[in-house]
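The values are calculated or read from the model by the stated rules, or taken from the named source; none is laboratory data. All of these numbers come straight from a predicted model, not from anything done at the bench. Neighbour counts are summed over all protein chains in view; Cβ atoms, including those assigned to glycine, are modelled from backbone coordinates with ideal geometry.
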2 protein chains.
Amino acid sequence: MIPGSPKALARAVEAFATLPGIGPKSALRLALAILERGEEGARALAQAITGLVEEVRFCRRCGGFSEGELCAICTNPHRDAALVCVVEQPVDVLVMERAQAFSGTYHVLHGRLDPLGGVDASKLRLAELDARVARGVRELILATSATVDGEATAHFLARRYAPSGVRITRLARGVPEGGELEYLDEFTLRRALSERVAWTSDETAAS
Amino acid sequence: MIPGSPKALARAVEAFATLPGIGPKSALRLALAILERGEEGARALAQAITGLVEEVRFCRRCGGFSEGELCAICTNPHRDAALVCVVEQPVDVLVMERAQAFSGTYHVLHGRLDPLGGVDASKLRLAELDARVARGVRELILATSATVDGEATAHFLARRYAPSGVRITRLARGVPEGGELEYLDEFTLRRALSERVAWTSDETAAS
């Protein structure tokens, strides 16, 4: 920080700069914007931040974000408890829900296998998933990330739950919607080729 | 926000998204990062934010950021009180100080003339500047921004303080350091040409 500038400003800039995607320049811009807005705006923002850690917890069943013991999805009688989408992080649930295309429930692992990073199966929320599968799950959709560690985690889960007879699926891979071939990486393109599906006459109508 | 997600999360995302340069996606990323860090980190950030509005005020003399009645620059006996650099916003003082090239003092207008936006001379901190000039200022450096409104403000100030006999200067205009001609706009280039200065033999030694 600049010598002679108020300490509280320097502290706020430092605090902001520790957040992801916020460099020293954006941190200063944020601090100045808050100063400009005055006391009420600053207090509202501070309260929103403390409210976050006070009110948001994790659902005892699925491990997703929740306001109570169980989350709004797990307690919703219209959601299919026997159809479970397994994701890595609580935020993945939000991303899936935003797509408004899934009527089942979730299971958040709170991580993925990462042998080099010291994350083994004992660090993932598997005991709860074991219990859910034992209670009766029809299908597990493996929606871990499309990275080496995410794939390894999916393989691990598929092996773990195959003996239980549950149907195990994974998200489709391919060209993203709106994706132009010109800008597509070769790995995605290779995958999209090897997992190509038969053209059906509905496609033209649907698009 | 996504239906079913905790209200506190939605509130935090909304609060962050009102800040400059933070879209809904970055707002969610910030909220998640704070959640991940837990209670202590969230409280520290909230305190930094409220500390900002509680502890930072404006210097009674120059109008820049200050912790007390007068700022660290105005109370510094090593700063030349008779050499006054006039800027638009408190942040401009920080930017000038960062350059570590100025040993005078500042005067912050808290705005610039903007007839269309309804900002006339009465909205600028001019009474204080009048008083300072009356008490004795040797030189006023006009460092308003290089925009139409900033220029108009500088012209206005020059006319206002010319009768007092104070020396009036402005920041040099031209090619920015590290600027490549190829990427320079034509206005800057025109200005740099019309304000070209004689080459002195020191230049080669200095650079």
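For segment B:50-79, a residue qualifies if it is in contact (Cβ under 8 Å) with a residue 60 or more places away in the chain and more than 21 Å from residue B:127 (Cβ to Cβ), but none of them does.
Filtering segment B:125-136 for residues that are within 17 Å of the chain's Cα centre (by Cα), in contact (Cβ under 8 Å) with a residue 60 or more places away in the chain and on the phi < 0 side of the Ramachandran plot leaves a non-empty set. Total residues in segment A:91-109 satisfying the condition of being surrounded by 15 or more Cβ atoms within 10 Å (Cβ to Cβ) and either within 14 Å of chain B (Cβ to nearest Cβ) or not in a strand (DSSP E or B) (or both): the figure is 12. Selection of first residues in segment B:80-93 that are within 16 Å of residue B:111 (Cβ to Cβ) and free of Cβ contacts under 8 Å to residues at least 40 places away in the same chain and of second residues that are of a type outside the set (A, V, I, L, M) and assigned to a helix (DSSP H, G or I), restricted to Cβ pairs under 9 Å at least 6 apart or on distinct chains, gives the following pairs, ordered by first then second residue: B:91/A:29. Residues in segment B:163-199 that are of a type outside the set (D, E, K, R) and surrounded by 12 or more Cβ atoms within 10 Å (Cβ to Cβ): B:164, B:166, B:168, B:169, B:171, B:174, B:175, B:179, B:184, B:188, B:189, B:192.
When restricted to residues that are of a type in the set (A, V, I, L, M) and outside any helix (DSSP H, G or I), segment A:116-174 contains 13. Pairing residues of segment A:137-154 that are assigned by TED's automatic domain parsing to the domain that holds residue A:109 with residues that are aromatic (Phe, Trp, Tyr), at Cβ distances under 8 Å and at least 6 apart in sequence or on separate chains, gives A:140/A:161.
Determine if segment B:54-71 includes at least one residue that is of a type in the set (A, V, I, L, M, F, W, C) and farther than 30 Å from residue B:133 by Cβ.
Start the filter on segment B:54-71 by keeping residues that are of a type in the set (A, V, I, L, M, F, W, C), which leaves B:56, B:58-59, B:62, B:65, B:70-71.
Restricting the remaining residues to those that are farther than 30 Å from residue B:133 by Cβ gives none.
Scanning segment B:54-71 turns up no residue that is of a type in the set (A, V, I, L, M, F, W, C) and farther than 30 Å from residue B:133 by Cβ.
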